[in-house]
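The values are calculated or read from the model by the stated rules, or taken from the named source; none is laboratory data. As the structure is a prediction and not an experimental result, all values here were calculated from the model. Note that we place each Cβ from the backbone using ideal geometry, even for glycine, and neighbour counts take in every protein chain shown. Heavy atoms of the whole protein, side chains included, go into the accessibility calculation; ligands, DNA and RNA do not. Shrake-Rupley method; radii C 1.70, N 1.55, O 1.52, S 1.80 Å.
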Amino acid sequence: MFAAVCAKRAGADVVLLEHTERIGKKLLATGNGKCNLTNLSIQPGDYRGNHPSFVVPVLEKFSQKETLQIFEEIGLVWKDVNGLVYPFSNQASTVLDLLRMELRRLCVTIKTEITVSDIIPSKLESGKTGFVLKTSQGELRADKVILACGSKASPQTGSDGSGYKLAKKLGHSVIEPLPALVQLKAEGNYWKMIAGVRSDCNLRLYIEERTGNKTAKVKVAEEYGEVQFTDYGISGIPVFQLSRFAVRALWEKKKTYVVCDFLPNLQIDEILDYFHRKQKNLKDFGNCEELLLGLINKKLCQMVLKECGISLNEKATDLAEKQLKKIASLLKNWQIVLNGYNSFDKGQICQGGVDTEELHENLESIIQKGLYFAGEIIDIDGKCGGYNLQWAWSSAYVAATDAVKE
Ligand SMILES: Cc1cc2nc3c(=O)[nH]c(=O)nc-3n(C[C@H](O)[C@H](O)[C@H](O)COP(=O)(O)OP(=O)(O)OC[C@H]3O[C@@H](n4cnc5c(N)ncnc54)[C@H](O)[C@@H]3O)c2cc1C
C-alpha cells in the first residue's frame, strides 16, 4: 500500500494486487490493535538478518521523520509513548483507513482476490523489457514489479509465504524463514504451576557453539522487562526481543537456554541479608514460603523452593546457610532450557527471507532488472517497538521511487 502510494505520487501508473478479499489486514492486528507504526529512535542495531547493515542506506534515504511527514500529510495525528509512535485515535484501523483514502485519492487501481502464479520477465509491446504476470484474472503487463508479499507470519492475514515462492521462481535465494518475536517453549514440569505470572526479570540468552571438539556457551543477547510465564514456557516483550536468536539456534539444533534473574536490582549478598533479617523476624513461627514472600510473586516463591528441593512448610529458621545460598543463587540465575517455539501463526514476524546479497541498495534485484522487493519478504527483521513497520515504509518508499525512474 505504501509502495503504491509512493509510486503513484511519483507519477507511475500503479496496480496493487492483493490475494485476499481486502488490503492491509495485518496492519489491523499491529500493536494490539493500536498500530505502533514507528519508533522515534532507530539505530541500525535494531535490525537483524544475515546482513543487517543493509538497512542503513534505506533508512537514511527515508527515515521515520519522512514517514511521519507523509502520514501527517494524509491526515494522521499521532502520539509518542516513550518513543513508540501510535495513532492518537489508538486504532490501527485509522492508519489503514488513511492509506486506503490516499490510494483512492490517487486513483490507484486495486485488484483483490487475485492469485499471481507467475511473474515472467518479457519484452513488452512497447519494446521495453518488463514483466508478464500470470494471474487468476488473466495476464497483466508491467514495466516494473515490486514484491511486497510479507512473510509467513500470521498467515491468516494473507501473508502465507507465497511471495517467497514467486521470488524463488525469479531466481532469488531465500534464507529459511522462521518465526521471530515469538513465545519460547522450555523443559521442566513447573510451567503449569507458574502459568499466568508476570515478573520484571533480566534475561540472558546463551547458545552452545561448537568449534571442532570444543563447545562454548556464548551469550548472544540480554533483555530486561516484564516476562510472562505460560504453561509451556516464556513470553512477553523481553522474550520476543531474544526470540529470533533462540529460534534460529533451536532450528540449527544447538543447545539453547535462558538464564533468568528474578531480582536484577539485588545482589546475592543483599538477598542473603534479607533472608537473615527475615529469619530473625519469623523466629520459630514462619515457614520457608514466608521467608521468600515479599521478594517475588507467591507462585514463583513456591517454584523456587521446589526447585531447590526445600519443602514450603519447613521452618524458615531451620534452613542452613548453604540452603539460603542455593535459593539466592537460583533467584539470580534460574536456568531455563529451551526446547521449542510457537509457530508462524503466533509469531509477529519472520526472520529470514529474500537474501539481501542479491539486492541493490535501492531494493532492485541484482538478478532481474525491474524487479524490486519491499517489507518483511526481505531478510531483515526488526526488534519489537515499531521497527518492522518502519522497515516496511522505508523499503517501500525507496523501491517505489527508484522503480518510477526511467
Ligand atoms: C500480531 C502482530 C502485531 C504486530 N505489531 C507490530 C507493531 O505494532 N509495530 C510494527 O512495527 N510491526 C508490527 N508487526 C509486524 C508488521 O505488521 C509487519 O512487519 C508488516 O506488516 C510487514 O509489512 P509487509 O507489507 O511487508 O507485509 P504484510 O503486512 O504481511 O502485507 C503483505 C500483503 O501481501 C499480500 N500477499 C501476500 N502474498 C501475496 C500474493 N502472492 N499475491 C498477492 N498478495 C499477496 C498479503 O495478503 C498482505 O496483504 C506485527 C505483526 C503481527 C502479526
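The table below lists the values:
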read-out: Exposure ranking of 78, 251, 391 by accessible area [1.4 Å probe, largest first]; value: 251, 78, 391
read-out: Cβ charges +1 (Lys, Arg) and -1 (Asp, Glu), total dipole of region 1-113, debye; value: 140
read-out: Value of Rg to Rh for the chain (Rh from inverse mean 1/r over Cα pairs, i.e. Kirkwood); value: 1.08
read-out: In Å², nearest 10: area of residue 100 left accessible to a 1.4 Å probe; value: 90
read-out: Solvent-accessible surface (1.4 angstrom probe) belonging to residue 143, in square angstrom, nearest 10; value: 70
read-out: Under Karplus coefficients 6.51, -1.76 and 1.60, residue-wise ³J(HN,Hα) of region 367-382 in Hz, glycine/proline x; value: 7, 10, 4, x, 9, 10, 10, 8, x, 6, 5, 7, 6, 9, 10, x
read-out: Residue 136 - accessible surface, heavy atoms, 1.4 Å probe, Å² rounded to 10; value: 80
read-out: Candidate residues 13, 318, 381, 355: accessible-area rank, largest first, probe 1.4 Å; value: 13, 318, 355, 381
read-out: Amide H contacts under 5 Å for residue 312, placed H, 5+ residues apart; value: none
read-out: Dipole magnitude (debye, nearest 20) for the chain, charges at Cβ of Lys, Arg, Asp, Glu; value: 600
read-out: C-alpha long axis of helix 92-105 to longest principal axis of the chain, angle in °; value: 10
read-out: Cβ-based net charge around residue 391, under 10 Å, with every Lys or Arg adding one and every Asp or Glu removing one; value: -3
read-out: Whole-percent carbon and sulfur share, accessible surface of region 183-341, 1.4 Å; value: 46
read-out: Distance between region 205-239 and region 317-365 - C-alpha centres, whole angstrom; value: 4
read-out: Extended-chain gain in nm, criterion 0.36 nm per residue less alpha-carbon gap, residue 115 and residue 50; value: 20.4 nm
read-out: Estimated vicinal HN-Hα couplings, Hz - region 234-250 in sequence order (Karplus 6.51, -1.76, 1.60; Gly, Pro = x); value: 10, 9, x, 4, x, 5, 4, 5, 7, 4, 4, 6, 5, 4, 4, 5, 5
read-out: Built amide H within the under 5 Å cut-off of residue 351, gap 5+; value: 178, 180
read-out: Sulfur and carbon atoms: percent of accessible area, region 1-144 [1.4 Å]; value: 49
read-out: Surface accessible to a 1.4 Å probe, per residue, for the residues of region 3-126, Å²; value: 52
read-out: Computed P(r) (all Cα pairs; region 183-341; 10 Å bins; percent); value: 11, 38, 31, 16, 4, 0
read-out: Cleavage-rule hits, trypsin sites (Lys or Arg not before Pro), region 312-388, DSSP coil, Cβ neighbours within 10 Å at most 13; value: 369
read-out: Taking region 183-341 and dividing mean pair separation by its residue count, relative contact order in percent (alpha carbons under 8 Å, at least six apart); value: 30
read-out: FRET efficiency for residue 307 and residue 73, using Cβ-Cβ distance with R0 set to 45 Å, rounded to 0.05; value: 0.20
read-out: Value of [θ]222 nm, deg cm²/dmol, for the chain, DSSP H segments ≥ 4, -39500 (n - 2.57) each, nearest 500; value: -9500 deg cm²/dmol
read-out: Relative contact order computed over the chain (Cα-Cα under 8 Å; 6+ residues apart), in percent; value: 24
read-out: Share antiparallel - DSSP beta bridges, the chain, percent rounded to 5; value: 90
read-out: Calculated from backbone phi, Karplus (6.51, -1.76, 1.60) coupling profile of region 20-32 in Hz, x at Gly/Pro; value: 8, 7, 8, 7, x, 4, 5, 4, 5, 8, 5, x, 6
read-out: Ranking by accessible area, most exposed first, for 345, 118 with a 1.4 Å probe; value: 345, 118
read-out: Residue among 324, 190, 294 farthest towards the positive dipole end of region 183-341, charges placed on Cβ; value: 190
read-out: Surface accessible to a 1.4 Å probe, per residue, for the residues of region 256-406, Å²; value: 42
